[in-house]
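What follows is a single structure, written as structure tokens, with notes after it.
The values are calculated or read from the model by the stated rules, or taken from the named source; none is laboratory data. Bear in mind the structure is a predicted one, so any value in this text is a computation, not a measurement. Glycine gets a Cβ as well: all are built from the backbone with ideal geometry, and neighbour counts include every protein chain shown. Calculation scope for accessible area: heavy atoms of the full protein, side chains included, ligands and nucleic acids excluded. Shrake-Rupley method; radii C 1.70, N 1.55, O 1.52, S 1.80 Å.
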Amino acid sequence: QAGVDGRYSLDVETDDEDDLELIRIDAQGIDEQAHILFRSYVNTPEALLSIGTSLSETDALRLNVTNVTTAIAGLLNVDNEGDILTPEALDESMSRIDLTKVMPYSTALKLIMDGTASGGTFSLPEGVKNTFEFVLNPTLIDAFVSNLEFNHTADYIAAQEAILSDPELVDLNVSTEDSIGDYYFLGGDFGVGLGKVSLLANGKALYSNS
């Protein structure tokens with residue numbers, strides 16, 4: 001069981017037959033957070049052992065089971081039509097899922113778990129048992145995200161900014177030089193037209209939409 005801060009310690013024993021199987025970690029909330037179920041697909045024992053024998057989330061970010069890993073896990077399960085059991089299945093599904101949905105889904109999960117800075121709360125739709133079940137239902141979570149974007153815009157943006165600035169959720173150790181350039185994207189389910197973000201050497205970004 002994790003501590004009040006969400007930290008956990010876990011011993012994993014494997015043999016040669018287990019080395020190529022995928023490690024999956026689920027985190028189940030209790031009491032008032034019983035509706036929170038997060039999931040992360042970590043890696044194979046063999047891959048983790050190549051890093052070290054005593055690891056933390058600083059060694060492998062996916063050891064930290066979060067709203068972000070859960071958003072990804074949900075997309076993977078929907079694509080795979082079931083649980084991901086092997087690294088091959090993980091790689092194949094990762095190549096197919098729509099990664100533009102990760103941030104909107106992660107933001108929805110964060111608001112359900114933490115609420116807003118002003119004390120506002122958001123609940124799962126009626127009949128949905130937990131957060132992982134929620135991300136397995138694209139129709140429900142897409143509608144939830146759309147409602148957040150248009151009717152709770154400030155809370156939605158604030159939650160996204162909190163995610164993007166949290167080193168326990170995203171990798172902030174990205175070289176600025178490697179990121180400079182123009183990035184184009186389609187609006188998809190949560191926007192229209194063709195957009196462009198230009199990342200500048202001064203650390204700022206320019207956005208345009210057509």
Inset, instruction - Using only Cα atoms, figure out Rg for the stretch 84-146 and give it as a multiple of 2.2 N^0.38 Å. - result: 1.29
Inset, instruction - Work out the length of the dipole vector of the stretch 86-159 about its Cα centre, built from +1 on the beta-carbon of each Lys and Arg and -1 on the beta-carbon of each Asp and Glu, and round it to the nearest 20 debye. - result: 160 debye
Inset, instruction - Compute, for Tyr105, the solvent-accessible surface of its heavy atoms (probe 1.4 Å) with the complete set of protein chains present, and express it in square angstrom to the nearest 10. - result: 10 Å²
